[in-house]
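Notes to accompany the following structure.
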Amino acid sequence: MDSVYDPSALKMVLVVRGELGLSPGKAAVQVAHGAVMLVLEGKARKDRDLERWLSEGQKKVALRARSLVEMEELRKKAASMGLRTVFVQDAGLTEVPAGTKTVLGIGPGSPSDIDKVTGSLPLL
């Protein structure tokens, strides 16, 4: 299957809380939780951006924030721009205590808008 990169395709960003030092498997699962939460919320709202994102191939990017404080600042900025956000809070069964915020999910939204919020963060 040939695919063509479309820089205007909507994207979803999942920001992992870096200072927690999550194992790769734990981080992957937390990112998956964030993506599912954003999709379910978008479906509940009948969000047209979600439907477009689904039809475009579901572009996702995983990034790393330094701290919870940085993630909360990113969430405020994203929300002020009208971007949908979710926080993943862990159940506390493995690596971190129950209720720990592990991932911030943003989107899906336009790459230019999301990059204004997360463009300076490193890839996970």
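The values are calculated or read from the model by the stated rules, or taken from the named source; none is laboratory data. Everything quoted here is computed from the prediction, not taken from an experiment. Don't worry about glycine lacking a Cβ; one is built from the backbone with ideal geometry, like all the others, and counts go over all protein chains shown.
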Quick test for you: out of Ala35, Ala44, pick the one residue that is within 15 Å of Phe87 (Cβ to Cβ), small (Gly, Ala, Ser) and out of contact with any Gly (no Cβ under 6 Å at 6 or more places or on another chain).
Ala35
For residues that are under 12 Å from Leu63 (Cβ atoms), buried (at least 19 other Cβ atoms within 10 Å of the Cβ) and among the small types (Gly, Ala, Ser), tally how many sit in the stretch 108-121.
0
Look through the stretch 1-59, keep the residues that are assigned to a strand (DSSP E or B) and of a type in the set (Lys, Arg), and return whichever of them is nearest to Gly107 (Cα to Cα).
Lys11
Against the conditions (1) part of a loop (DSSP other than H, G, I, E, B); (2) on the phi > 0 side of the Ramachandran plot; (3) touching a strand residue (DSSP E or B) at 6+ places or on another chain (Cβ under 7 Å), where does Gly92 fall short? Just the number, please.
(3)
Residue set Gly18, Gly57; condition at pLDDT 95 or above, of a type outside the set (D, E, K, R) and farther than 15 Å from Ile114 by Cβ; output residue Gly18
Go through (1) free of Cβ contacts under 8 Å to residues at least 60 places away in the same chain; (2) surrounded by 15 or more Cβ atoms within 10 Å (Cβ to Cβ); (3) more than 16 Å from Ser120 (Cβ to Cβ) and name the single condition Met71 misses.
(3)
I need every pair where a residue in the stretch 11-33 that is within 22 Å of Gln58 (Cα to Cα) has its Cβ under 8 Å from the Cβ of a residue that is of a type in the set (Gly, Ala, Ser) and part of a helix (DSSP H, G or I), sequence separation at least 6 or different chains.
Met12/Ala35; Leu14/Gly34; Leu14/Ala35; Val16/Ala27
